[in-house]
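K.L.:
Shown below is the structure under consideration.
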Amino acid sequence: MTDALAITELTVNRSGRPIVQDVSAAIARASWFGVIGANGSGKTTLLRAISGRLPIGGGSCMIFGEEQADDRGARAQTIGFAPPIEHLPALLRVYELLDLAGDPVKVQQERNAGLWQALGIGELLDVPVGECSSGMRQRAALALAFAVPSRIVILDEPFNWLDPVAAFDVRAVLAGMVKEGLTLITALHDLTTLCGFCDSGVVLAKGRVSLQLDEARLRAGWNDAAQFERELVAALR
């Protein structure tokens, strides 16, 4: 079966210099793929380029077997993406954001009922973004990633700003969505999520893949967290 996403020697440039270089990965359908790296390693740049929010400078980006490296619009339409919370317009209410981003709010609420409950979106709908805490904005941003039906969704450190209960509940809902067919790609710092929920992944260091993480390596990391952490730190340096 064709992979949901396959990137080959992908390069992304910012301000005339390469930030991500020669990154390759194959992501199976209905799987959870983790991207881990230190601050400044290129995680966000890579994810924004794949999702069409930045241009790809070189290499291949196949989405369900179709080459999309040169078509930002096609990538953006195909892949759901949570916007950075600092970019959410302060004057709009949360329901207005959701309505602008995708299907009618009631349709989103029905389709994403489990996620909305885990995020507590119903309580935020009438709140202006400018009055939201960072955690509340994060909840809204995650809901926005699912504002239209998408077979691939990219979330950049989705559990940042969430309290432990919300993070636990959202992680469980996302895992359920993957089992139902979603292909989920997340940047992470959380080794529990990486080893316990991801099916594969990569470690980025200075814009390049320093370690490929297959399912066997991730499960071994779950069984021996200390050894896995040492391997990751070595790959991150």
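Each value in this text was obtained by applying a stated rule to the coordinates, not by laboratory testing. The structure presented is a predicted model; accordingly, all values stated were derived computationally and were not measured. Note that we place each Cβ from the backbone using ideal geometry, even for glycine, and neighbour counts take in every protein chain shown.
K.L.:
Give me the mean projected area, in nm² to one decimal, of the convex hull enclosing the Cα positions of region 90-172. Could the numbers behind the result be given before it?
P.N.:
Working: hull surface 20.0 nm².
Answer in nm², one decimal: 5.0.
K.L.:
Mind listing the long-range amide H neighbours of Ala69? Cut-off is under 5 Å, sequence gap 5 or more, other chains count too, H placed in the peptide plane at 1.01 Å from N.
P.N.:
Cys61
K.L.:
On to the next question. Could you put Cys198, Cys132 in order, starting from the residue whose Cβ has the fewest other Cβ atoms within 10 Å? Mind dumping the intermediate values first?
P.N.:
Details: Cys198 24, Cys132 19.
Ranking Cys198, Cys132 by Cβ neighbours within 10 Å, fewest first, gives Cys132, Cys198.
K.L.:
Could you sort the peptides 155-161, 228-234 by per-residue average Cβ neighbour count (10 Å cutoff), highest mean leading?
P.N.:
On the way: 155-161: 19.7, 228-234: 14.7.
Highest to lowest by the protection proxy: 155-161, 228-234.
K.L.:
Based on C-alpha coordinates, I'd like the Rg and Dmax of region 113-237, in Å.
P.N.:
Over region 113-237's Cα set, Rg and Dmax evaluate to 15.9, 47 Å.
K.L.:
Moving on to the next point. Quick one: angle between helix 134-144 and the longest Cα principal axis of the chain, in degrees between 0 and 90, rounded to 10, please.
P.N.:
Here the helix axis deviates by roughly 80 degrees.
K.L.:
How many angstrom lie between the Cα centre of region 108-131 and the Cα centre of region 185-206?
P.N.:
Cα centroid of region 108-131 versus Cα centroid of region 185-206: 26 Å apart.
K.L.:
Okay, moving on. Report the one residue of Thr183, Phe197, Pro164 whose Cα lies farthest in the direction of the positive end of the charge dipole of region 147-217 (charges on C-beta: Lys and Arg +1, Asp and Glu -1; origin at the Cα centre).
P.N.:
Thr183
K.L.:
Moving on to the next point. For the chain, what does the helix formula give at 222 nm: sum of -39500 (n - 2.57) over DSSP H segments with n ≥ 4, over the residue count, nearest 500 deg cm²/dmol? Show your work: numbers first, answer last.
P.N.:
Numbers: 10 runs with 92 residues, N = 237.
Only helices count here, giving -11000 deg cm²/dmol.
K.L.:
Which of His87, Ile121, Gln212 sits farthest toward the positive end of the charge dipole of the chain, with +1 on the Cβ of Lys and Arg and -1 on the Cβ of Asp and Glu?
P.N.:
Among His87, Ile121, Gln212, the one farthest towards the positive end of the dipole of the chain is Gln212.
K.L.:
Now for a separate question. What residues have an amide H closer than 5 Å to that of Gly58, excluding those fewer than 5 places away on the same chain, when H is modeled at 1.01 Å from N in the peptide plane?
P.N.:
Thr11
K.L.:
Related question: Between Ala234 and Gln117, what is the label-to-label distance in nm when each label sits 7 Å out along the Cα-to-Cβ direction?
P.N.:
Distance between label points: 4.5 nm.
K.L.:
Going by average Cβ density within 10 Å per residue, which order do the peptides 117-123, 220-226 take, highest to lowest? Could the numbers behind the result be given before it?
P.N.:
Details: 117-123: 17.0, 220-226: 13.0.
Ranking the peptides 117-123, 220-226 by packing returns 117-123, 220-226.
K.L.:
Once the piece of chain linking Phe168 and Phe64 is laid out straight, how much longer is it, given 0.36 nm per residue of separation minus the C-alpha distance between them? Display every interim value, and only then the final one.
P.N.:
On the way: separation 104, 0.36 × 104 = 37.44 nm, distance 3.03 nm.
Fully extending the segment from Phe168 to Phe64 adds 34.4 nm.
K.L.:
Determine the dipole magnitude for the chain: charges of +1 sit on the beta-carbon of Lys and Arg, -1 on that of Asp and Glu, nothing else is charged, the reference point is the Cα centre, and the result goes in debye to the nearest 20. Let's see the in-between values first.
P.N.:
Working: 22 positive and 27 negative charges, 94 e Å.
Dipole about the Cα centre, nearest 20: 460 debye.
K.L.:
Now a separate question. Give me a comma-separated list of calculated 3J(HN,Hα) values for region 158-171, in order, Karplus coefficients 6.51, -1.76, 1.60 applied at θ = phi - 60°, integers in Hz, x for any Gly or Pro.
P.N.:
Values per residue, Gly and Pro as x: x, 9, 4, 6, 7, 6, x, 5, 4, 4, 4, 5, 5, 4 Hz.
K.L.:
Sticking with this one: Would you mind checking which residues have amide H under 5 Å from Val127's amide H? H placed 1.01 Å from N; only 5 or more apart, or other chain.
P.N.:
Val94, Tyr95
K.L.:
Show me the trypsin sites (Lys or Arg not before Pro) within region 149-200 that DSSP assigns to loop and that have at most 16 other Cβ atoms within 10 Å of their Cβ.
P.N.:
Numbers: sites: Arg151, Arg171, Lys179; in loops: Arg151.
The qualifying sites are Arg151.
K.L.:
Another question, if that's okay. For region 1-155, what are Rg and Dmax over the alpha carbons, in angstrom?
P.N.:
16.4, 46
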